[in-house]
Amino acid sequence: MRTTVSDTRIEAELPSPPDELVQLLDPEGRRIEDPLYDPYVSDVSGEALLRLYEDLVVVRRIDVEATALQRQGQLGLWPPLLGQEAAQVGSALALRADDFIFSSYRENAVAYCRGVELPQLVEVWRGTAQSGWNPYAVNMATPQIVIGAQTLHAVGYAVGCRHDGVDTATITYFGDGATTQGDVNEAMVFAASFGAPVVFFCQNNQWAISEPVGLQAQRPIAERAPGFGIPSIRVDGNDVLAVLAATRRALDRAHRGDGPTFIEAVTYRMGPHTTSDDPSRYVDPLQREEWAAKDPIARVEAHLRDAGVLTDETAASVAATADEVAAAFRAGCLALPNPAPLSVFDHVYAEPHTGLARQRSQQEAYLRSVGELEGGAE
Amino acid sequence: MTELTLAKAVNSGLRRALADDDRVVLLGEDIGPLGGVFRVTDGLQRDFGTDRVMDMPLAESGIIGMAVGLAYRGFRPVCEIQFDGFIYPAFDQIVAQVAKLHYRTRGAVRMPITIRVPFGGGIGAVEHHSESPEAYFAHTAGLRVVTCSTPQDAHTMIRQAIACDDPVLFFEPKRRYWTKGEVDEDADFPFDRARVLLEGADVTIVAYGPLVATAIDAAIAAGDEGTSVEVIDLRSLSPLDLDTVEASVRKTGRLVITHEAAQFGGLGAEIAASITDRCFLYLEAAPARVTGFDTPYPSARAEEHFLPDLDRILDAVDRVLGRQNALTGWSAS
C-alpha cells in the first residue's frame with residue numbers, strides 16, 4: 001500500500017477534462033472508427049457482437065419480467081434498468097473473473113453477466129433475504145442500497161489487493177445522484193492518495209429518483225475526477241462497444257498498477273426509479289422520446305443486420321432464448337422459500353453473543369407455546 | 001509483568017496483534033510518525049511500516065468505509081477515531097455497513113473490524129472531545145461494544161477485540177490513559193464478561209471505563225462508614241454480562257449504575273430494566289442511576305458539575321439504602 005500522494009500517475013493521453021463522448025456505434029448502428037479505443041474491441045465483431053446483442057436482449061427481458069412480477073405482487077419492489085443495458089453489460093463483460101465489483105442496487109445486468117443464478121437476482125426484492133448471493137462466489141459484493149457507501153468499500157478492497165501483491169482490479173458502480181454524496185468524494189480522495197487500482201463507474205442516467213442531474217452537477221460529472229487526481233473518460237453509455245472499450249482501458253490501468261480511473265457512462269433511465277415511482281410527475285415526454293431514439297439495443301441490432309450477421313430468424317431465436325430465461329427466472333422466483341421464524345436471529349454475529357442467544361431462546365419458547373414452531377428449532 | 005500506563009498497554013496490545021497476524025492493519029489520522037494524538041500508536045509505523053500502519057486522509061466515513069473493503073478482502077483493520085465527538089461522520093458506515101454486512105450476507109462476509117475510540121471527559125477539553133457515545137453503538141445489532149478501565153484490561157481486551165470475528169467498538173477512557181498498572185501479556189479472560197472488583201454485601205455499584213476508579217473510591221469511602229459495597233466493572237456493553245450483575249444484586253438487593261453518558265436511553269436504563277426483570281423479588285429499592293445529565297457536554301470549567309463523582313455516587317448509595325437525602329423526597333430538616 002502506498003501512503004503518499006505524490007506518486008499518483010495521470011496518463012497524459014486520457015482527456016482531462018474530457019471534452020467529448022467516446023462513441024463507437026452511433027444510434028443508427030454505424031461503426032465509428034476511433035484509433036484509441038478500437039484496439040480494445042478488436043475481438044468484438046460478427047458472432048462476438050451477436051452474443052453481446054443476446055446478452056442485452058436477455059437482461060432487458062429479465063427486467064421486464066421482474067417488473068411484471070412486482071405488479072403481480074410477487075416482488076415487493078424492483079428497480080428497472082431499462083435503457084441502461086449497454087452501460088451495465090459492456091462494463092461487466094470487460095472484467096476479469098478475479099476483478100471484484102461493488103455495485104448499487106440497479107446493476108442487475110452486471111450480476112447476471114457475473115453468473116449470479118436467476119432467482120438470486122430477486123431474493124432481496126422478494127424479501128426472502130437481505131442479499132441474493134455469496135459475494136465470494138462471483139466476486140461481486142451484495143448490492144448497496146445506501147447511496148454511494150460502496151465506493152469506499154471498493155477503495156479498501158483495491159488497496160487490500162495491492163497489499164496482497166495481486167493485480168486484481170476493483171470496480172464500483174454508482175449513479176449521478178451518488179456523486180454528491182460525501183462517501184463518493186471521500187472515496188475519490190482516498191483512491192487517488194493511495195493509488196488504488198479501482199475503476200469508478202458512474203452511470204449518469206440523468207435522474208436521482210425525481211431530481212434531474214442538473215441538481216447534482218453543473219458540469220459534466222467526468223470533469224470532477226481530474227480535480228481529485230483521477231483521469232476520467234466520458235463515454236456514450238448506450239453504446240455497448242464504447243462502454244466495453246472504455247472499461248477495458250480503465251481496467252488495464254488498474255491491472256498495470258497505474259491507479260484509479262473514473263468513467264462517466266452517459267445514459268438514460270427509461271423507466272421509473274423503482275416500481276413505486278411515478279415518472280409522469282416529473283419527466284418531460286419529449287426528453288424521453290429523444291433518448292428512446294438512442295436505444296442501446298436498437299443500434300446493435302441495426303449494425304448486425306447491416307453486417308448480415310442478424311437475420312429475422314436469428315432475432316427470433318434470440319427472443320425465444322430471452323423468453324426461456326424469463327420463464328426460468330419467474331419459476332425460480334416463485335419457488336424461493338420464505339425464511340423460517342427463528343432465522344431472523346441468524347448471522348447477526350459471527351461469534352456467540354449472550355444477549356442475543358437469550359432473546360432467541362425466549363422467542364423460541366414463545367413460538368412453541370403458541371404452536372408456531374414444531375419439531376426442530378427452525 | 002510490566003508496569004505500563006493504560007495508553008502504553010493499548011500500544012503493546014496493538015504491537016502484539018500486528019506481530020501475531022499479518023492481516024492486522026491500523027488505519028487512522030495522525031497514527032504514523034506522530035503516534036496518534038495520545039501516542040497510543042507510538043512507534044508502530046516505524047516498526048511495521050506504512051503498509052500496516054496507515055495515516056488516513058481526514059475523513060472518518062472514509063476510514064471506516066475503507067476498512068469495510070479491507071475486511072471484505074480478508075484483513076483485520078483496526079481504526080482509530082481521534083476523539084469520541086468525531087465518530088459521527090462515520091456513523092452510517094458503522095451502523096449501516098460494518099454492523100450489518102455479516103447479517104446481510106448470511107455469514108458469508110465477516111467484518112473483524114476494531115474501532116478504537118478515546119472517550120469520556122475529565123481532561124478539560126474543548127467541545128467534541130469529551131463525549132460518551134457508547135449507547136448509540138450498544139443499541140446497534142451486529143456490533144460489540146467494550147471498554148477498559150485498567151492497563152491489564154486495555155492490553156488483553158484490545159488483542160481480543162482484534163482477534164474477534166465481529167466488529168468491536170473499543171472505547172478507551174482517555175482520562176485514564178496515564179493510569180499505571182501491572183500488565184501480564186499472557187493474561188486471558190473472556191472480554192464479554194464483567195468482573196467483580198470489590199466484593200460487598202449491601203449495595204452493588206455497576207460502572208465501566210473511566211468511572212470504575214471513581215466507583216472503587218466510593219466503595220472504599222462507604223466502607224469507612226460501615227456500608228459494604230460490591231463494585232462490578234462491566235467491561236462489555238454489548239453484550240452485557242447481566243448474569244454477573246444479577247448474581248450480585250440477588251446478594252445485595254440494591255443497585256447503583258454509573259456512567260458519564262447522558263441518562264436518557266443510556267446503558268443505565270437498560271441495566272436497570274433488565275435487572276428489575278431478573279431480580280424483581282430480590283430488590284430492596286429501585287435501581288439508581290448516577291450519570292451525566294441530559295445536556296450537551298458542557299465547557300471544560302463546568303465539567304465537574306456534569307460528571308458523576310464520588311459524592312454523587314455515595315448519595316445514590318444512601319438513596320438505595322433508604323437513607324434520607326435530597327432525592328429520596330425526604331426533607332433533611
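Looking only at the stretch A:338-378, how many residues end up being within 14 Å of chain B (Cβ to nearest Cβ), open to solvent by less than 60 Å² (accessible area, probe 1.4 Å) and either acidic (D, E) or in a loop (DSSP other than H, G, I, E, B) (or both)?
Selection size over the stretch A:338-378: 6.
Please specify each residue of the stretch B:154-191 satisfying the condition of being open to solvent by 10 Å² or more (accessible area, probe 1.4 Å) and of a type in the set (F, W, Y).
Passing the criteria: B:W178, B:F189, B:F191.
Output yes when any residue across the stretch B:112-130 is assigned to a helix (DSSP H, G or I) and within 14 Å of another protein chain (Cβ to nearest Cβ), and no when none is. So that I can check it myself, show each step before the final result.
Restricting attention to the stretch B:112-130, the residues satisfying the condition of being assigned to a helix (DSSP H, G or I) are none.
No, the stretch B:112-130 has no match at all.
Given the structure, is B:L26 in contact (Cβ under 8 Å) with a residue 12 or more places away in the chain, over 22 Å from A:F190 (Cβ atoms) and in contact with a Cys (Cβ under 9 Å, 6 or more places away or on another chain)?
Here the answer is no, as B:L26 does not meet what is asked.
Return the residues of the stretch A:151-176 that are more than 16 Å from A:F262 (Cβ to Cβ) and under 18 Å from the mean Cα position of the chain (by Cα); say none if nothing qualifies.
A:H153, A:Y157
Checking the condition within 19 Å of B:E225 (Cβ to Cβ) and exposed (fewer than 14 other Cβ atoms within 10 Å of the Cβ), which residue from B:A273, B:A302, B:A326 passes?
That would be B:A326, the only listed residue that is within 19 Å of B:E225 (Cβ to Cβ) and exposed (fewer than 14 other Cβ atoms within 10 Å of the Cβ).
For the stretch A:28-147, please list each of the helices (runs of 4 or more DSSP H) lying entirely inside it that holds at least 1 residues being in the same structural domain as A:A292 (by TED's automatic domain parsing) and open to solvent by 30 Å² or more (accessible area, probe 1.4 Å).
Counting at least 1 such residues, we get A:47-71, A:108-113, A:123-126, A:135-138.
Taking A:V138 as the residue in question, decide whether it is within 14 Å of chain B (Cβ to nearest Cβ), modelled with pLDDT of 95 or more and in contact with a Lys or Arg (Cβ under 8 Å, 6 or more places away or on another chain).
Details: within 14 Å of chain B (Cβ to nearest Cβ): yes; modelled with pLDDT of 95 or more: yes; in contact with a Lys or Arg (Cβ under 8 Å, 6 or more places away or on another chain): yes.
Considered against the rule, which asks whether it is within 14 Å of chain B (Cβ to nearest Cβ), modelled with pLDDT of 95 or more and in contact with a Lys or Arg (Cβ under 8 Å, 6 or more places away or on another chain), A:V138 comes out as yes.
Looking at B:P112, B:P173, B:P133, B:P118 in this structure, which one is modelled with pLDDT of 95 or more, within 16 Å of A:P352 (Cα to Cα) and touching a Phe, Trp or Tyr at 6+ places or on another chain (Cβ under 9 Å)?
On the way: B:P173 fails: within 16 Å of A:P352 (Cα to Cα); B:P133 fails: within 16 Å of A:P352 (Cα to Cα); B:P118 fails: within 16 Å of A:P352 (Cα to Cα).
Selected residue: B:P112, the only one of B:P112, B:P173, B:P133, B:P118 that is modelled with pLDDT of 95 or more, within 16 Å of A:P352 (Cα to Cα) and touching a Phe, Trp or Tyr at 6+ places or on another chain (Cβ under 9 Å).
I'd like the full set of residues that are in contact with a strand residue (DSSP E or B) (Cβ under 9 Å, 6 or more places away or on another chain) and more than 7 Å from chain B (Cβ to nearest Cβ), limited to the stretch A:160-176. Let's see the steps before the verdict.
Within the stretch A:160-176, the first condition is being in contact with a strand residue (DSSP E or B) (Cβ under 9 Å, 6 or more places away or on another chain), and the residues that meet it are A:160-161, A:163, A:168-176.
A:T168, A:A169, A:T170, A:I171, A:T172, A:Y173, A:F174, A:G175, A:D176 - these are the residues of the stretch A:160-176 that are in contact with a strand residue (DSSP E or B) (Cβ under 9 Å, 6 or more places away or on another chain) and more than 7 Å from chain B (Cβ to nearest Cβ).
Has the stretch A:225-238 got at least one residue that is within 30 Å of B:R73 (Cβ to Cβ), away from chain B (no Cβ under 14 Å) and surrounded by fewer than 23 Cβ atoms within 10 Å (Cβ to Cβ)?
Scanning the stretch A:225-238, I find at least one residue that is within 30 Å of B:R73 (Cβ to Cβ), away from chain B (no Cβ under 14 Å) and surrounded by fewer than 23 Cβ atoms within 10 Å (Cβ to Cβ), so the answer is yes.
Scan (1) more than 24 Å from A:Y136 (Cα to Cα); (2) touching a Cys at 6+ places or on another chain (Cβ under 9 Å); (3) within 14 Å of another protein chain (Cβ to nearest Cβ) for the single condition A:V189 breaks and write down its number.
Here A:V189 clears every test but (2).
Considering the stretch B:23-71 alone, what residues qualify as being of a type in the set (S, T, Y) and either buried (at least 19 other Cβ atoms within 10 Å of the Cβ) or not assigned by TED's automatic domain parsing to the domain that holds B:C164 (or both)?
B:T41, B:S61
Within the stretch A:252-337, which helices (runs of 4 or more DSSP H) (wholly inside it) include 2 or more residues that are open to solvent by 30 Å² or more (accessible area, probe 1.4 Å), free of Cβ contacts under 8 Å to residues at least 12 places away in the same chain and closer than 21 Å to A:E54 by Cβ? Full working, then the answer.
Details: elements: A:285-292, A:296-306, A:312-334.
Here the list reads A:312-334.
Among the residues of the stretch B:133-150, which ones are more than 14 Å from every other protein chain (Cβ to nearest Cβ) and within 15 Å of B:I271 (Cβ to Cβ)?
Within the stretch B:133-150, B:E134, B:A135, B:T147 meet the criteria.
When only residues in the stretch B:65-99 that are more than 8 Å from chain A (Cβ to nearest Cβ) and among the charged types (D, E, K, R) count, which is farthest from the chain's Cα centre (by Cα)?
B:R76
With respect to A:A246, is the statement that it is within 21 Å of A:V22 (Cβ to Cβ), in a helix (DSSP H, G or I) and small (G, A, S) true?
On the way: within 21 Å of A:V22 (Cβ to Cβ): yes; in a helix (DSSP H, G or I): yes; small (G, A, S): yes.
Judged against the criteria, A:A246 is a match.
Would you confirm whether any residue within the stretch A:181-197 is under 30 Å from A:P279 (Cβ atoms) and part of a loop (DSSP other than H, G, I, E, B)?
Yes, the stretch A:181-197 has at least one match.
Can you spot a residue in the stretch A:106-124 that is modelled with pLDDT of 95 or more, more than 8 Å from every other protein chain (Cβ to nearest Cβ) and on the phi > 0 side of the Ramachandran plot?
So far as the stretch A:106-124 goes, yes, one or more of its residues are modelled with pLDDT of 95 or more, more than 8 Å from every other protein chain (Cβ to nearest Cβ) and on the phi > 0 side of the Ramachandran plot.
Among the numbered criteria (1) more than 14 Å from the chain's Cα centre (by Cα); (2) at the interface with chain B (Cβ under 9 Å from one of its Cβ atoms); (3) hydroxyl-bearing (S, T, Y), which single criterion is violated by A:T179?
Unmet for A:T179, out of (1) more than 14 Å from the chain's Cα centre (by Cα); (2) at the interface with chain B (Cβ under 9 Å from one of its Cβ atoms); (3) hydroxyl-bearing (S, T, Y): (2).
Could you please find all residues in the stretch B:244-285 being within 14 Å of another protein chain (Cβ to nearest Cβ) and either aromatic (F, W, Y) or within 18 Å of B:T147 (Cα to Cα) (or both)?
Of everything in the stretch B:244-285, those that are within 14 Å of another protein chain (Cβ to nearest Cβ) and either aromatic (F, W, Y) or within 18 Å of B:T147 (Cα to Cα) (or both) turn out to be B:T244, B:V245, B:L267, B:E270, B:I271.
Assess whether B:G142 counts as being at positive phi and surrounded by fewer than 24 Cβ atoms within 10 Å (Cβ to Cβ).
So B:G142 does not fit the description; no.
The values are calculated or read from the model by the stated rules, or taken from the named source; none is laboratory data. Since the structure is predicted, the reported quantities are computational estimates derived from the model, not experimental observations. So basically every Cβ, Gly included, is an ideal-geometry build from the backbone, and we count neighbours across all protein chains shown. In case anyone asks, the SASA skips ligands and DNA or RNA and just uses the protein heavy atoms, side chains included. Shrake-Rupley method; radii C 1.70, N 1.55, O 1.52, S 1.80 Å.
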